[in-house]
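Have a look at the structure below, then the notes.
The values are calculated or read from the model by the stated rules, or taken from the named source; none is laboratory data. Owing to the predicted nature of the structure, the values given are computational and were not obtained by experimental measurement. We place every Cβ from the backbone using ideal geometry, glycine too, and count neighbours over all the protein chains shown. Please note that ligands, DNA and RNA were not included when accessible areas were found on the heavy atoms of the full protein model with its side chains. Shrake-Rupley method; radii C 1.70, N 1.55, O 1.52, S 1.80 Å.
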Amino acid sequence: MKTFIPGELEGRAGYFLLTSMVVPRPIAWVSSLSAEGNRNLAPHSYFNAISSDPLIVHFTSTGVKDTLRNVQATGEFVINVVSRDLVEEMNLTSGNFPPEEDEFLWAGLDGAPSQFVAPERVARAKLAIECKVNHIHSLGNGHMVFGDVQCVHVDDSVMTNGRIDPHLLKPVARLGGSYYSDASADLFEIPRPTWEELKKQGPPQR
């Protein structure tokens, strides 16, 4: 096996190593507004849930980008979940647009009004999370934006028995390089064991 020492990595080698080994990563397609009211839409693949009570989510901006400047200025954002049918539009909005350019327009996307925050959500997104900034914490070149969830919009077409169905949502995840995957293929279920079941079964014999 090859061993990599962080302090010995040059250029962007650390970035390529990290983003190839922490996979798959869900994508926060973040819509925001600048202080001047300019719309912005950009994907961030450092995204996760933080708390279920209350609902808190988090995305990280690697470096200081338009999304970070906007949420610092306004304290609001929307996370749109990228399904397979939106992957081309999402990829287009990852380009290095100037701050005054509207990625919604460039990607041919309509916005839909949010209920509790000013930034619009992507109208075609089947799942969107309205958030207000809880706080922003910076470590290294990562700026972690923690958002208090104000409401969640879920399209009926991706619901089964009252829950979001990954077979229907087909959420896209980021892999290393320019590779992506979606959760519609080769899905499998494994029930979580209980201690009572494990006690009866006992540890495996070696």
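Values computed for the structure shown
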quantity	calculated
Extension reserve of the ALA73-MET144 stretch, reckoned as 0.36 nm per residue once the Cα distance is removed	24.1 nm
Å² of accessible area per residue within the chain, as computed with a 1.4 Å probe and no ligands counted	63 Å²
Environment charge of LEU168, counting only residues whose C-beta is closer than 13 Å and scoring Lys/Arg +1, Asp/Glu -1	-1
Loop-resident sites, segment 1-65, for trypsin sites (Lys or Arg not before Pro), counting at most 16 other Cβ within 10 Å (DSSP)	LYS2, ARG12, LYS65
With every protein chain in place, segment 114-163: carbon and sulfur % of accessible area (1.4 Å)	46 percent
For a label point 7 Å along the Cα-to-beta-carbon line of GLN115, residues of segment 145-170 with backbone N under 15 Å	149-156
Gaussian network model of the chain, springs between alpha carbon atoms under 10 Å - residue of ARG84, ARG69, ARG192 with greatest fluctuation	ARG192
In segment 1-72, GluC sites (Glu not before Pro) in a DSSP loop with at most 15 other beta-carbon atoms within 10 Å	GLU10, GLU36
Cβ-placed point charges (K, R +1; D, E -1), dipole of segment 53-206 about Cα centre in debye, nearest 20	780 debye
Bins of 10 Å, starting at 0 and running to the largest distance - Cα pair percent for segment 1-78	16, 38, 29, 15, 3, 0
Backbone N under 16 Å from the PHE97 label point (7 Å along Cα→Cβ), restricted to segment 112-144	112, 119-125
Full-stretch length increase - ASP155, GLU36 - with 0.36 nm per residue and alpha-carbon distance subtracted	39.8 nm
Formal net charge of residues neighbouring SER45 (Cβ-Cβ distance under 11 Å; K, R +1; D, E -1)	+2
Simple label model, 7 Å out from Cα along Cβ direction - VAL22 to SER181, nm	1.7 nm
HIS143, HIS135, ranked by accessible area, largest first (probe 1.4 Å)	HIS135, HIS143
Relative contact order %, segment 1-139, counting alpha carbon pairs below 8 Å whose residues are six or more apart	24 percent
Accessible-area order (highest first, 1.4 angstrom probe) of the listed residues GLU103, GLU76, GLU189	GLU189, GLU76, GLU103
Unit charges at the beta carbon, dipole of the chain: most positive-side option, CYS131, THR194, ILE50	THR194
Sites excluded, chymotrypsin sites (Phe, Trp or Tyr not before Pro) in DSSP loops with at most 15 other C-beta within 10 Å, longest stretch of the chain	5-115
MET1-HIS167 FRET efficiency (beta carbon distance; Förster radius 41 Å; 0.05 resolution)	0.65
Cubic angstrom per residue, convex hull over Cα atoms of segment 49-206	196 Å³
Exposure rank, largest accessible area first [ASP53, ASP66; 1.4 Å]	ASP53, ASP66
